[in-house]
Every structure is written in C-alpha cells, then in structure tokens.
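So the structure is just underneath, and the comments pick up after that.
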Amino acid sequence: MSKSTRSDTNQSDDRTALVVGAGLVGTLCAAMLASRGWTVTLIEYRADPRLGTHAERARSINLALSPRGIEAIRSVSEELVERVLKEGIEMRGRMVHKKAKREGEPVEKDGQDYGNYDEGECIRSTSRTGLGIQLLDHLDGLPKQGRGSVTTLFETKLVEMDLRKEHGVDVVLQKKGREGEKRHFDFVVGGDGAYSQVRQQMMRGSRLRFDFRQYFAKHSYLELSIPAGPNETFLLEPNYLHIWPRGEFMLIALANLDKSFTLTLFAHDSTFSSIDAQLASSDSSNSNGSNPVVELFRKEFPDALEHMGEEALLRSWKENPKDGLITVECSPYHYQDKVLLIGDAAHGMVPFYGQGMNCGFEDVRVLSSMLDHFGASPSSLIPSPLPYSEVTPPLPVPMDPSSKEPLPAKTPLAQALAAYTTIRAPSLSAIQQLAQRNYTEMASSVLSPLYLLRRGLDSLLSSLSTLPPFAIPRDQDPTKDRGGRWESLYRMVTFRPGLAYEEVIRRSEWQQRVLRRAVQAIGGAVFAGVAVGAGLRYAGRYRLVKVA
C-alpha cells in the first residue's frame with residue numbers, strides 16, 4: 001500500500017515542480033526552475049555520487065563542453081559557470097594521428113584548429129562526474145524549503161504518474177527499501193535519460209498521440225585510459241582532442257586534470273564480438289600466441305598502445321563494458337501544462353558531434369526563455385524575446401474542432417510548453433542528423449585531401465567575410481550572435497549558440513551550393529581557356545589566323 005501526502009499546489013505563490021533525473025541536464029533544470037520561484041523536488045534512483053558509494057561504471061564518454069552548454073549554465077548562474085570553466089581543459093582543435101605506412105615507423109600527427117583560437121574559440125574537456133558534483137553543490141547552496149528551493153532525493157524513483165487530474169500531476173515516488181508515497185506536483189520535468197520512466201508514463205497514461213522511436217547505431221564503444229606520465233606530465237598534447245581515424249573504427253582521447261587521458265574506442269558491435277570470441281578462444285586453449293586485442297592496437301594505434309601498456313589495455317578491455325549508442329526520437333515533448341521531456345529523454349543522440357550534453361543544457365536555456373516570455377513561473381524574470389527570433393516558426397493556436405474558432409487562451413505554462421515543442425523540435429531533429437553524419441568526417445574524412453581543401457576554402461572565405469566590404473554586424477551577447485557571413489559548419493554548430501541547429505544546416509547547404517557553383521565556374525573558365533588555346537594552335541597551324 002502507498003501512503004499519501006499532498007503538496008499544497010493551489011496557491012500561486014507556492015508552485016511545485018518535480019524534476020526526475022539528477023544527471024547533468026536534470027540538475028541544471030532544477031536550478032533554473034528554482035531561480036524562477038518554483039518549489040522544486042529533484043529525484044534520482046542512484047546514490048549521491050559525492051558520498052563515494054556510487055561506483056562510476058566505466059561507460060561514460062568524456063565530455064566536451066562548448067559555448068552552447070556554457071551559455072546555458074551562465075543563464076542559471078554566472079558564479080557556477082566560472083567554477084565549471086576552471087575545471088575544464090581547453091581543446092583548440094583535433095590532433096589527427098595518421099596510420100603509419102609500415103610497422104615500427106613513427107606516427108605522423110596533424111593539428112587542425114576548430115576555429116579562431118586567438119578569439120577564444122575552443123571546447124573544454126570536462127569530467128562528467130566532476131561536472132555533476134559541481135551542479136549538485138550549486139543546488140546545496142539554494143534554499144531548502146519554500147519558493148526558490150530545491151529538495152534532492154537520492155535512491156528515489158518514479159513509479160507511477162497520473163496525468164488525468166484537471167490540475168497538476170499525481171505521482172508515486174519510491175525510496176529504496178520503502179513503500180511508495182503519493183505526491184502531487186503542478187509540473188513534472190523528465191530529465192531521466194534515454195530510458196526515461198517519465199516518457200514511458202506519458203506513453204501509457206495520457207490521451208496524447210505520442211510518437212516514439214529508438215534505434216541503435218552499428219557502433220558500440222569501450223572506454224580506456226592513458227595514465228599520467230613521469231612527474232605528473234601529459235603524455236599527449238593536452239589542448240587537443242586526439243583522433244585515430246580508421247574508417248569503420250576510431251579511437252579518441254581527451255585530457256583530464258590529473259594529467260591522464262580518457263580514451264574511447266568506437267567500433268562496430270560485430271567487431272567487438274569477434275575480438276571477444278577470439279580472446280575467449282585463446283584464453284581457453286592457454287595459447288601463447290598473439291593476442292587479438294594487442295595485435296589490433298599494434299597495427300592501428302601503436303602510439304596509444306605505447307602509452308597505455310599492454311597489460312592495462314587488456315584489463316580495461318575485459319573489465320569495462322562495451323555499450324551501445326542509442327538515438328531517441330519522440331513527439332511532442334510536452335503534455336498540456338503538466339509534463340515536459342528534456343535532454344536524452346527527448347532526443348538521445350550518438351556522441352559524434354559532442355553536442356549531447358550541450359544540447360541538453362540548451363534545452364534548459366530555451367525552456368527558461370519560454371517560461372519568462374509567457375510569464376509561466378511564480379517569479380518570472382523580465383520577459384525575454386523568443387530565442388532564434390529570426391527563424392521562429394508560427395506558434396500553434398488551439399482551435400475548437402467543431403466551430404473552427406480559436407479556443408480560450410491556455411494557461412501560461414501550457415503556452416510555454418507548446419511553444420517549446422514547436423520551436424525546439426526542428427533544432428533537435430537537425431542536431432541528431434548532424435551527429436549521425438559526423439562519424440564519417442571524424443573516422444575518415446579528416447585524412448582526405450578534399451576535406452582539407454574544403455577546410456582551407458572555408459577558412460579563406462571566413463577571413464574574407466570579415467573585411468569591411470563584406471562584414472555584417474555582430475552581437476556581443478553570444479546567445480544573439482549569428483556569426484559572420486561565412487563560417488564552417490563546425491564553427492556554427494559549436495561556437496554560435498545564437499544559431500538554431502536547423503538554421504546552421506540551411507546556411508551550410510547554401511554555402512555548399514555557392515562553392516559548387518564557384519568550382520563549376522572555375523572549371524568552365526579553365527575548359528574555355530584550354531579550348532581557346534587549342535583553337536588558336538589549330539588556326540595557326542593551318543594559317544587561319546596569325547599566331548605570334
């Protein structure tokens with residue numbers, strides 16, 4: 001049996017919100033809601049990571065924090081963002097480790113900057129655990145009760161969610177080892193990841209026509225590590241994201257504050273299964289022959305193997321999980337004024353653009369803008385313009401199906417959540433597409449002469465576009481800055497939080513059309529020149545014209 005308690009939600013000065021999932025996105029969302037006067041309860045089924053009782057499973061791809069994520073944190077707390085930035089290591093670009101032509105030869109490396117490093121265009125290598133602890137510590141500094149407070153409950157899960165009430169949401173929460181407890185909240189946010197319980201409850205418990213799809217990539221991933229060097233030094237260049245591109249598989253490495261590196265091997269799931277089978281066979285036969293894991297690294301990643309050591313590599317290969325990469329798509333993200341999905345619960349994506357966390361944080365910033373714009377919080381800040389105002393689609397107007405007349409205005413919160421779904425859906429679809437495509441660039445294109453030529457042209461045109469005849473006004477506020485007239489796809493995605501992801505795609509496609517036409521024009525001019533030259537030679541040979 002469940003015991004029942006009820007939060008008093010009928011008072012406008014004490015509106016309650018439940019945030020499910022104390023991961024990175026859920027925790028930031030809890031802080032944002034508290035800053036706008038909500039009385040927030042944050043629940044997490046795992047233990048508090050700060051107590052040392054939660055053994056971190058080696059399954060977390062190291063994080064790359066970019067300006068989209070940074071500006072989202074800044075929108076919640078300037079002090080918090082400064083602390084977060086101090087704990088990250090700047091990465092100015094990729095360091096590409098080419099494949100040695102012959103075994104034993106030194107590995108050639110090629111540094112490729114992401115943008116203009118002198119202007120601060122870099123991303124930051126960040127520990128998932130460390131960042132999560134900083135966000136939880138920030139919540140601890142907030143009030144513990146009343147408006148603007150956050151109560152965090154660990155080892156507590158959502159069991160049931162009833163959306164049939166006219167006002168608010170009834171839920172059942174269960175603390176580990178205890179009975180379920182009924183609670184009532186005005187608003188529920190699902191930030192509980194790709195296997196979201198909130199999403200499951202939305203699919204079951206509402207009359208919403210809810211679309212959902214999930215699918216796995218062909219690739220899985222395995223986390224490895226390179227230790228700190230002698231005298232606590234880095235064994236690789238720390239200010240780059242290191243990539244060993246090998247086509248169907250790829251190794252990456254990001255620096256940590258303790259001078260170690262976190263490595264992630266991406267490969268087809270079938271590749272992992274095949275090597276594991278070979279490894280099991282050699283172990284069972286007590287064979288002293290070659291080890292398939294070591295042989296793979298000797299052939300493809302010899303410099304990484306040198307720093308890891310064979311024993312450490314084999315230990316990590318056997319002990320660390322080889323996890324899949326899942327994409328989650330669903331629509332809509334909200335139901336009336338009751339519930340909203342954010343982060344991986346709404347749009348899980350593969351990690352190949354490094355935007356999963358940053359996009360989830362941006363969800364929080366966009367949601368805060370919606371709440372402020374519609375006055376949907378107990379203590380809304382000054383109403384702000386809708387984000388991406390130049391490309392904002394028309395917001396939905398509820399219509400009476402029988403009279404075809406507009407229905408009376410919804411609650412401010414319902415309007416805010418409907419606007420969030422309408423504005424955010426094209427962006428989230430766009431970044432999921434970009435993440436899927438970017439594997440090809442990281443795993444193989446970075447070595448292609450055509451790719452390097454395109455990078456050079458992008459850089460040249462970007463520089464030319466800043467000259468007085470071509471330059472356009474720029475905004476000092478990063479969330480409003482739409483970049484220069486010509487910028488690479490990566491720069492727009494990563495360094496321009498004022499551009500919606502779908503607008504990035506549109507601009508990139510326009511730039512590609514311009515480049516194709518320029519190449520065609522140049523090719524046509526070259527062909528015409530060759531034809532004229534050949535014609536003159538022919539005419540001169542037969543004395544049709546005088547040729548000097």
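The values are calculated or read from the model by the stated rules, or taken from the named source; none is laboratory data. Everything quoted here is computed from the prediction, not taken from an experiment. So basically every Cβ, Gly included, is an ideal-geometry build from the backbone, and we count neighbours across all protein chains shown. Keep in mind that these areas ignore ligands, DNA and RNA; they rest on the heavy atoms of the full protein, side chains included. Shrake-Rupley method; radii C 1.70, N 1.55, O 1.52, S 1.80 Å.
For this structure, a couple of remarks:
- Odd one out for R183 among (1) part of a loop (DSSP other than H, G, I, E, B); (2) basic (K, R); (3) more than 26 Å from E82 (Cβ to Cβ): (1)
- Test: residue in segment 387-396 that is open to solvent by 20 Å² or more (accessible area, probe 1.4 Å) and either among the basic types (K, R) or at pLDDT 75 or above (or both): no
- Selection from segment 39-76 of residues that are part of a loop (DSSP other than H, G, I, E, B), at pLDDT 75 or above and open to solvent by 40 Å² or more (accessible area, probe 1.4 Å): Y45, R46
- D113 being among the acidic types (D, E), within 29 Å of N62 (Cβ to Cβ) and without any contact (Cβ under 8 Å) to a residue 12 or more places away in the chain: no
- Within the option set R147, R124, R164, R183, being basic (K, R) and at pLDDT below 90 holds for one residue only, R164.
- Lone qualifier among K182, K176, K165, K157 - being closer than 20 Å to G23 by Cβ and more than 28 Å from the chain's Cα centre (by Cα): K176
Yes/no matrix, rows are residues, columns are (1) assigned to a helix (DSSP H, G or I); (2) charged (D, E, K, R); (3) more than 30 Å from F187 (Cα to Cα):
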{"site": "L296", "(1), (2), (3)": "yes, no, yes"}
{"site": "D303", "(1), (2), (3)": "yes, yes, yes"}
{"site": "R315", "(1), (2), (3)": "yes, yes, yes"}
{"site": "E329", "(1), (2), (3)": "no, yes, no"}
{"site": "S369", "(1), (2), (3)": "yes, no, no"}
{"site": "G375", "(1), (2), (3)": "no, no, no"}
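- Of the residues in segment 232-252, at least one is in a strand (DSSP E or B) and over 24 Å from the mean Cα position of the chain (by Cα).
- Pair list, Cβ < 7 Å and 6+ apart or interchain, from segment 352-363 residues that are in a helix (DSSP H, G or I) to residues that are of a type in the set (S, T, Y): N358/S66
- The listed residue being assigned to a helix (DSSP H, G or I), in contact (Cβ under 8 Å) with a residue 24 or more places away in the chain and either among the hydrophobic types (A, V, I, L, M, F, W, C) or within 30 Å of L265 (Cα to Cα) (or both), out of L453, L457: L457
- The set of residues in segment 491-515 that are open to solvent by 30 Å² or more (accessible area, probe 1.4 Å) and in contact with a Gly (Cβ under 9 Å, 6 or more places away or on another chain) comprises R491, R507.
- D477 passes every criterion in (1) in contact (Cβ under 8 Å) with a residue 24 or more places away in the chain; (2) closer than 30 Å to F374 by Cα; (3) out of contact with any Pro (no Cβ under 6 Å at 6 or more places or on another chain) apart from (1).
- Looking only at residues in segment 122-131 that are touching a Pro at 6+ places or on another chain (Cβ under 9 Å) and buried (at least 19 other Cβ atoms within 10 Å of the Cβ), the one that is nearest to T41 (Cα to Cα) is S125.
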